[in-house]
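Undergrad: One structure, pasted below without further comment.
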Amino acid sequence: MKAIFINANEQKVEVVNVENELHAIYKQLGCDMIQCIDIGENHTVIVDEEARLKEQTWGFKLAGPTVIAGNALIVGTMPDGDFADCQAPLCLFSRNVEFVDLTKHPLPPPKCGFAVIEGDLTEENIEKARAAAERDYNRQ
């Protein structure tokens with residue numbers, strides 16, 4: 001599968017061919033768990049789900065303020081959600097990637113939270129737990 005590889009460690013953006021299999025994507029990104037971010041026009045950015053928990057020295061911004069730690073793959077997506085060849089030209093992404101030195105500009109630590117549901121699993125109790133968890137999360 002044709003993909004665009006954002007190699008934050010080497011600060012380059014390039015076209016790569018990667019097998020359309022989860023183990024091959026893990027290997028390309030150097031990770032054990034992925035997160036998919038829909039960027040529209042039938043394209044998805046695949047990143048290391050746990051990158052912020054690791055000691056990353058480089059990350060990147062992709063046309064916006066959000067910094068993503070580690071490397072990424074940009075692939076096409078089919079209507080059923082399966083990955084496919086990236087159809088967008090390399091220059092579309094290479095012009096818009098800004099690499100970030102995470103040793104000079106560290107990311108804030110990730111926030112975690114959980115919701116305790118008291119009583120039965122009713123819509124009302126779930127909403128109460130969700131609201132309480134959100135209040136606790138915003139206090140962090």
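Undergrad: Please note which strands (runs of 3 or more DSSP E) are completely contained in the stretch 22-140 and include at least 2 residues that are surrounded by 14 or more Cβ atoms within 10 Å (Cβ to Cβ) and of a type in the set (Val, Ile, Thr).
TA: 34-40, 43-48, 67-69, 72-77, 97-101
Undergrad: Could you give every pair whose Cβ atoms fall below 9 Å, whose first residue belongs to the stretch 66-86 and is hydroxyl-bearing (Ser, Thr, Tyr), and whose second residue is surrounded by 10 or more Cβ atoms within 10 Å (Cβ to Cβ), counting only separations of at least 6 or pairs across chains?
TA: Thr77/Cys36; Thr77/Asp38; Thr77/Asn42; Thr77/His43; Thr77/Thr44; Thr77/Phe83; Thr77/Ala84
Undergrad: Is it the case that some residue within the stretch 78-85 is under 22 Å from the mean Cα position of the chain (by Cα), farther than 23 Å from Ile25 by Cα and not small (Gly, Ala, Ser)?
TA: Within the stretch 78-85, none of the residues are under 22 Å from the mean Cα position of the chain (by Cα), farther than 23 Å from Ile25 by Cα and not small (Gly, Ala, Ser).
Undergrad: Oh, and also: Scan the stretch 91-101 and give yes if some residue there is modelled with pLDDT under 95, more than 16 Å from Ile4 (Cα to Cα) and out of contact with any Asp or Glu (no Cβ under 7 Å at 6 or more places or on another chain), otherwise no.
TA: The answer is no, given that none of the residues of the stretch 91-101 is modelled with pLDDT under 95, more than 16 Å from Ile4 (Cα to Cα) and out of contact with any Asp or Glu (no Cβ under 7 Å at 6 or more places or on another chain).
Undergrad: Has the stretch 130-137 got any residue that is touching a residue at least 24 places away in the same chain (Cβ under 8 Å) and not assigned by TED's automatic domain parsing to the domain that holds Glu14?
TA: yes
Undergrad: In addition: Scan Pro106, Pro110, Pro65 and give me the residue that is modelled with pLDDT under 95 and in contact with a Lys or Arg (Cβ under 7 Å, 6 or more places away or on another chain).
TA: One residue alone meets the criteria, Pro110.
Undergrad: Report yes if some residue within the stretch 30-44 is over 22 Å from Glu98 (Cα atoms) and touching an Asp or Glu at 6+ places or on another chain (Cβ under 6 Å); otherwise report no.
TA: Yes, the conditions are met somewhere in the stretch 30-44.
Undergrad: To continue, here is another question. Go over the candidates Leu102, Leu107 one by one and state the one that is of a type outside the set (Phe, Trp, Tyr), touching a residue at least 24 places away in the same chain (Cβ under 8 Å) and touching a helix residue (DSSP H, G or I) at 6+ places or on another chain (Cβ under 9 Å).
TA: The unique qualifying residue is Leu107.
Undergrad: For the stretch 1-16, what are the residues that are modelled with pLDDT of 95 or more, in contact with a strand residue (DSSP E or B) (Cβ under 8 Å, 6 or more places away or on another chain) and not in a strand (DSSP E or B)?
TA: Met1, Ala8, Gln11
The values are calculated or read from the model by the stated rules, or taken from the named source; none is laboratory data. Everything quoted here is computed from the prediction, not taken from an experiment. All Cβ positions, even for glycine, are placed from backbone atoms using ideal geometry, and neighbour counts span all protein chains on display.
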